[in-house]
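Here's the structure we're looking at; comments come further down.
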Amino acid sequence: MTDKVVLAYSGGLDTSVAIRWLHEKYNLDVIAVTIDVGNEKDFSAVKQKALKVGAIKALVIDGQELLVKYFIFPALQANALYEGQYPLATALTRPLMAKLLVDTAAAEGAKIIAHGCTGKGNDQVRFEVGINSLAPEIKILAPAREWGMNREETIKYAQKYNIPVPVTKKSPYSIDESLWGRAIECGALEDPWVEPPADVYTWTKSPAEAPDEPQYVEIGFEKGVPVTVDGRKMGGIDLIKKMNDIAGRHGIGRIDHIENRVVGIKSREIYEAPAAVVLIQAHQALEAMTMSKDQLRFKQKVAVECADLIYNGLWFSQLNRDLSAYILSSQRYVTGTVRVKLFKGTSTVVGRKSPWSLYNLSLATYDKGDKFNQKAAEGFIHIWGLSVKTQAQVQLLADKEGPLSIMGPEEAKEK
Ligand code: ARG
């Protein structure tokens with residue numbers, strides 16, 4: 001009996017060729033699995049193509065709900081941005097895909113899973129670490145890493161086996177999409193000095209062509225999760241799609257990032273992530289109002305750890321579970337509404353309110369109603385600065401070059 005392999009199938013050239021190649025090279029029956037993570041695609045056409053190319057079965061799984069609930073919203077609550085820029089649209093989908101591939105393999109009695117990633121990227125790492133964590137007995141195949149064909153050779157292979165190759169001059173870009181954003185690589189973008197050509201962008205208007213009137217949007221959060229737009233309750237998928245649409249129309253969410261891949265390569269990545277950019281910004285504004293200075297400081301460090309482990313393919317680590325528990329706890333009072341102004345490529349937070357707000361007008365005001373005891377500041381400053389003052393008398397003022405010289409007294413400089 002022929003063994004079965006579950007293939008993560010995108011419908012593109014590489015994974016289509018992989019269906020045939022897995023059969024030729026390893027005599028495997030291919031079950032193609034396509035996971036909908038909110039990338040606008042004709043999934044029935046993708047399914048038909050898999051079958052036409054030779055898959056014995058083709059499944060389309062709607063992963064959007066799971067993606068939002070278990071991956072995107074927790075990442076938003078963490079304010080996870082890899083290297084301070086990338087909202088992780090691709091990286092967040094891979095552990096979910098690993099889980100769904102493993103489940104499908106179990107249901108279909110397959111002992112092998114294959115993916116179409118090359119050997120140069122992060123996604124191979126995310127898929128394989130995920131699969132190995134969830135089902136160590138599964139064998140993994142990576143045809144595109146193994147076959148050693150360049151694009152031209154892949155096309156020849158496709159033609160030989162009657163695999164449809166896009167006839168129109170294909171976009172020179174490699175694109176990956178999910179609800180949380182769109183990643184674009186290759187073509188002219190490989191020169192980091194070259195400004196991204198206009199045709200790179202499909203989710204966002206050029207800021208120059210965005211509406212001349214600003215638009216205000218009110219985003220309501222409950223415990224760090226966005227639940228309303230302009231007062232209307234919305235499910236997560238719809239809310240994200242709506243924010244992608246509104247913010248994209250105003251040219252918001254374009255990111256141009258020289259990024260450090262797990263495998264040691266620096267790569268130039270273009271992202272479009274209108275919803276992610278605005279929602280993270282609004283979420284941070286609400287946290288600023290409802291969390292203490294120390295909580296905010298500590299949480300920023302956790303955000304870096306979260307973003308790194310998501311990017312680095314370590315979703316199923318216990319560290320992620322530990323940090324998630326902290327993040328969840330931190331969100332208990334992050335409830336309220338943020339008003340954002342969208343205008344020609346920029347989103348600006350212009351208002352925020354919360355039943356848990358720590359902003360206290362009678363402490364902050366310079367007008368009447370001021371309850372702050374200004375006299376107490378004197379004693380506070382005396383003690384607050386005591387150690388600096390003491391040290392300065394002995395050391396700083398002894399420096400012959402004066403207190404602005406950073407190297408300290410002459411004796412210390414000599415050697
Ligand atoms: N550099 C991003 C990441 O590693 C996006 C990768 C896009 N993937 C792709 N197959 N084109 O998360």
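Of Lys99/Lys301; Lys233/Lys299; Lys25/Lys160, which sit over 18 Å apart, Cα to Cα? Please list the in-between numbers first.
Working: Lys99/Lys301 28 Å; Lys233/Lys299 28 Å; Lys25/Lys160 15 Å.
Cα-Cα > 18 Å for Lys99/Lys301; Lys233/Lys299; rest within.
What is the helix-to-structure angle for 93-108, meaning the angle in degrees between its Cα long axis and the longest Cα principal axis of the chain, kept from 0 to 90 and rounded to the nearest 10?
40
Tell me, what is the per residue accessible area of the chain in Å², probe radius 1.4 Å? Don't jump to the answer; show the numbers that get you there.
Details: 22340 Å² over 415 residues.
Each residue of the chain exposes 54 Å² on average to a 1.4 Å probe.
Between rounded, prolate and oblate, where does region 310-378 land on the alpha carbon gyration tensor, with a ≥ b ≥ c its root eigenvalues, rounded for a/c under 1.5, else prolate if a/b exceeds b/c?
Numbers: a/c = 2.97, a/b = 1.66, b/c = 1.79.
Taking the square roots of the gyration eigenvalues as a ≥ b ≥ c, region 310-378 is oblate.
If you count, for each residue, the other Cβ atoms within 10 Å and average over each peptide, how do 292-299, 97-104, 13-20 line up from highest to lowest?
Values: 292-299: 12.1, 97-104: 21.4, 13-20: 24.4.
In decreasing order of mean packing, 292-299, 97-104, 13-20 become 13-20, 97-104, 292-299.
Indicate the gyration tensor shape class of region 65-137 (rounded, prolate or oblate), computed on the Cα atoms with a ≥ b ≥ c the square roots of the eigenvalues: a/c under 1.5 is rounded; otherwise a/b larger than b/c is prolate and the rest oblate. Let's see the in-between values first.
Values: a/c = 2.87, a/b = 1.59, b/c = 1.80.
It comes out oblate by the Cα gyration axes.
Relative contact order of region 1-83, please, whole-number percent, based on alpha carbon pairs below 8 angstrom and at least 6 residues apart.
Numbers: 109 pairs, mean separation 23.2, N = 83.
It rounds to 28 percent for region 1-83.
Report the relative contact order of the chain, percent, no decimals, based on alpha-carbon pairs under 8 angstrom and at least 6 residues apart. Don't skip to the answer; put the middle values down first.
On the way: 729 pairs, mean separation 68.1, N = 415.
That works out to 16 percent.
Highest mean first, how do 123-130, 386-393 rank when packing is the count of other Cβ atoms within 10 Å averaged over residues? Walk me through the numbers on the way to the answer.
Details: 123-130: 21.8, 386-393: 10.2.
Ranking the peptides 123-130, 386-393 by packing returns 123-130, 386-393.
Roughly how many percent of the accessible protein surface of the chain is carbon and sulfur, given a 1.4 Å probe and a whole-percent answer?
Working: 12210 of 22340 Å².
It is 55 percent, rounded to a whole number.
With angles folded into 0 to 90 degrees, how steeply does helix 293-311 sit against the dominant principal axis of the chain? Use alpha carbons for both and round to 10.
For helix 293-311, the angle is close to 20 degrees.
Using only Cα atoms and rounding to the nearest 10 degrees, what angle (0 to 90) does helix 13-26 make with the longest principal axis of the chain?
Long axis of 13-26 versus the principal axis of the chain: about 50 degrees.
Each label point is 7 Å from the Cα along the Cα-to-Cβ direction; what then is the distance between the points at Asp294 and Asn150, in nm?
6.0
Under 12 Å from the Cβ of Gly351, count the other residues' Cβ atoms, weight Lys and Arg +1, Asp and Glu -1, and hand me the total. Present the calculation step by step, with values, prior to reporting the outcome.
Details: positive: Arg339, Lys341, Arg352, Lys353; negative: Glu218.
Charge balance near Gly351 sits at +3.
Any lysines with Cα under 25 Å of the Lys205 Cα? List them, leaving off those in the same chain fewer than 8 positions away.
Leaving aside lysines fewer than 8 places away in the same chain, those within reach of Lys205 are Lys41, Lys169, Lys170, Lys241, Lys242, Lys341, Lys344.
In a GNM of the chain with a 10 Å cut-off on Cα contacts, which of Asn360, Asn320, Asn244 has the highest mean-square fluctuation?
Maximum among the listed residues: Asn360.
The values are calculated or read from the model by the stated rules, or taken from the named source; none is laboratory data. Note that this is a predicted model, so its numbers are computed, not measured. Methodologically, a virtual Cβ is constructed for each residue, glycine included, from the backbone with ideal geometry; neighbour enumeration extends over all protein chains shown. For the accessible areas, the whole protein counts, side chains as well, though only heavy atoms, and no ligand, DNA or RNA atoms are used. Shrake-Rupley method; radii C 1.70, N 1.55, O 1.52, S 1.80 Å.
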